Amino acid sequence: MRVAVPFGKTKIFTALVFEIHQTEPTAYQAKEIHQILDEKPVITQQQLEHWQWIANYYMCSLGDVLRAGIPSLFLLESETLVLKNESFENERILNDEEYIIFEALQQEPVLKIKELSRILDKKNVLPIIQNLIKKDVVFIKEEIFQQYKPKLIKYIDLNDKYSDDESLHELLNNLKNAHKQRAVLLKYFHLQSINKKSIKAKTLQKQSNVSPAVIKALVDKNIFEVYTVQTDRVSFDIETFPLKELNEYQIEAYDQIKSSFKKNNVTLLHGITSSGKTEIYSKLIDEALQNGKQVLYLLPEIALTTQIISRLQKYFGDKISVFHSKYSLSERVEVWNNLLDKQKKTQIILGARSAVLLPFSNLGLIIVDEEHETSYKQFDPAPRYHARDAAIILANLHKANVLLGSATPSIESFFNTKNEKYGLVELNRRFGDVLLPEIELTDIKEKHRKKLMTAHFSDRLITLIQEALAEKEQIILFQNRRGFSPIVECTTCGIAPQCPNCDVSLTYHKFKEELRCHYCGYAKPMPKTCPACENPTLSTKGFGTEQIEIELKEIFPQAKVGRMDLDTTRGKYGYHKIITAFQDHEIDILVGTQMLSKGLDFHNVSLVGILNADNMLNFPDFRAHERSFQLMAQVSGRAGRAKKRGKVIIQTFNPYHQILQQVSINDYNGMYNDQINERYEYHYPPIVRLVKITLKHKDFNKVNTASEWLGRSFKNVFFDNVLGPASPSISRIRNLYLKNILIKLPNDKPIKQSKNIIQKIKNSFQSIAEFRSVRFIIDVDNF
């Protein structure tokens, strides 16, 4: 349960009771608990075990996991109340601002700090309050406030004394002169005759076209009675349909999954794009529900949840709850409480990575869709957990099964199937026997030489776009960079505007005419002249989604162009609007970043264009090739999903690159074998485990000295398995300098022992006074 505990002299914080014991602390005097906040536990025993595993494995504190897992409305912090001193009378000693507060307290004897800052129109009112305390005008106390308020809906009912015709007649006569009240009453009878149900106050007010005061007057006269009903903020009540019939290949895969679960409780479903994996998931979910079990369905991207919700709703109706960060805090608290109360609507939980931390009571199946996605890994702040791995442990605690699904599995998952740690089921036929799209590699080096490029499009891509538009088909274009252009450069002196807080150039956003840093959010208006030499010769280099969108509108003025990236999907329903518009054919060409690659299903897309394959392949990371293959294969999979075979154009400067050749013939096994051989040779996961240590500080020399000391300490223990210390490619972010150290832990040695050594070295590091201010971040499995 949650308890409120005093912290320091005045503050009160929320804590969680982990265990109860009788051993009195010796080094300090234990304080009293301020109050117990719950009547029944808000966190289950199994959840605590799971959180402990996360804290131990990812080397963070339990408090970090608590803060990530529990909706922040549960974590109450106290608020300071200001109370007036009744015996104070000497008003002459007060200055103007103090007198305003004194006046306000005459009207309202207790005020919150927030309210006082509103009254004075000042942010910092604490110094004034300190003075008032010294002058004995006020005193303060801390109070805890419940932040979560359940949603209540008001209903209207007619008072029982008007149940017979005679009294009703009399009532209508009495209201002869109150025209509006009479109109509301007649509207109430009208609605009652149609619905036969209780009538919401809001509906009555809207239909009668009156102000709330009119209804209130009828309540005050005891004609209407008001009652409230508590309800959830999100609920899915629609009629349900039976599950779709599986085809023979899906049935075969389904049977193999069932038999695989008997041997391994984790199974990987390797099904090519558009092979109908979601239908197989639905059948497995249905079976788990019939056995009275809960199902957790994890998705990498909020954009995907909007599509999957509408598909699963058709089959399971009101048994679904959704949990992700675009939902409001109150909505998330409701899902949490419903899970604790084992309500019917929490039999299936759909969510992004944070849904792994919810209080499940009876899990039977976890589905991790698109399991290769990097979005499952949390990078900042701690706990830096991977939802796929945390889900496997969660399933273990609940004795549940896990199904990992992907068209391009991550190398570590595929490696585990080879070692028979996981089961493997393959599904190599697209639903409806549609062929995989035809993939063409276009050499833009040649096209530039022959002057066949229009803006960033080759002549071949433009021809295919024209053909698709003529056939009334839709097109997806992929460019993994948002904004208009990543670099603005002066052609006279070569200076590019840099971010003052980070070592990175500013990205130009044309819509707002501003330069913006994608790391810290710093923004400034686009200058007309070069800030260094003052010549008006600023030009843009490189291109992002915004530039592609503008160019498309110029080349195809008759086509409707949409864009889907972080800038256009900021609101709660941002994704939903764009996806729905595209599904309803309100958009002909959709330009987007990697959000587009995540298993979205559009039936009318016949062409996919990847505008620049090279910037992904040349990224300095040991997984760059694997990631590029996954991204390109996934984006290609959006084409030709219904009847006609789709087309994919990949524009590149190097069409003979091994990975591009493998993408063009969809050769996952070839890519896996090449990559795994490289990982063996150079010692990278899944052959070893990686732990990345990052040091951050605003003083460059301090970070340098600290990282040298740390590097030597690690090398004394782990020898050649330590890489670094080295500066990352962007070595300063938000005015903090960074240094990385990478430790490779061999799989044949006990990992717990190695982590204990890392923890000991961290403790020694933090005990050195000079290094105490350096931030020390541990990221286990940092890829």
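The values are calculated or read from the model by the stated rules, or taken from the named source; none is laboratory data. Note that the structure is a prediction, hence the values are computed from the model and not measured. All Cβ positions, glycine included, derive from the backbone under ideal geometry; neighbour counts span all protein chains shown. Just the protein is used for accessible areas: all its heavy atoms, side chains included, with ligands, DNA and RNA removed. Shrake-Rupley method; radii C 1.70, N 1.55, O 1.52, S 1.80 Å.
Worth pointing out:
- Highest to lowest packing among 385-392, 159-166, scored as the average C-beta count within 10 Å: 385-392, 159-166
- Entries of LYS244/LYS319; LYS151/LYS577; LYS31/LYS123; LYS451/LYS541 with Cα pairs more than 22 Å apart: LYS151/LYS577; LYS31/LYS123
- In the context of the full set of protein chains, the chain has a per residue accessible area of 50 Å² (1.4 Å probe).
- At most 13 other Cβ within 10 Å, DSSP loop - GluC sites (Glu not before Pro), segment 459-497: GLU471
- Evaluated with a Cβ-only charge set (Lys, Arg +1; Asp, Glu -1), the chain carries a dipole of roughly 580 debye about its Cα centre, given to the nearest 20.
- Electrostatic tally near GLU440: other residues with Cβ closer than 14 Å to its Cβ, Lys and Arg +1, Asp and Glu -1, net -1.
- Taking 4.7 Å between beta carbons as the limit, the unpaired Cys residues of the chain are CYS60, CYS520.
- Each peptide in 220-227, 771-778 gets a packing score, the mean of other Cβ atoms within 10 Å over its residues, and the list from highest to lowest is 771-778, 220-227.
- With a threshold of 19 Å on the Cα-Cα distance, the over-threshold entries among LYS114/LYS141; LYS399/LYS421; LYS510/LYS647; LYS377/LYS692 are LYS510/LYS647.
- Considering only ASN677, GLN662, ALA639, and ranking their Cα positions along the charge dipole of segment 638-694 that arises from unit charges at the beta-carbon of Lys, Arg, Asp and Glu, the one farthest toward the positive end is ALA639.
- Ordering ALA201, LEU37, ALA390 by the projection of their Cα atoms onto the charge dipole of the chain, which places +1 on the Cβ of Lys and Arg and -1 on the Cβ of Asp and Glu, puts ALA390 at the extreme positive end.
- Cβ-based charge dipole, segment 49-101, positive-most Cα from SER72, SER61, ASN85: SER61
- Sequence-distant residues sharing a close amide H with LYS151 (under 5 Å, placed H): THR231
- Positive minus negative residues near ASN782 (Lys, Arg vs Asp, Glu; Cβ under 12 Å): +2
- Here segment 634-696 and segment 31-76 have alpha carbon centers that stand 39 Å from each other.
- With the whole protein complex present, GLU301 retains an accessible surface near 30 Å², based on a 1.4 Å probe.
- Carbon + sulfur, % of accessible area of segment 418-525 - ligands and nucleic acids excluded, 1.4 Å: 49
- A cut-off under 12 angstrom between Cβ atoms defines the neighbours of ALA217, and their net charge, with Lys, Arg +1 and Asp, Glu -1, is +3.
- Value at 222 nm in deg cm²/dmol, rounded to 500, when DSSP H runs of n ≥ 4 in the chain each add -39,500 (n - 2.57): -11000 deg cm²/dmol
- Near the amide H of ILE495, within less than 5 Å, lie the amide hydrogens of CYS490, all on another chain or at least 5 residues away, with H placed in the peptide plane.
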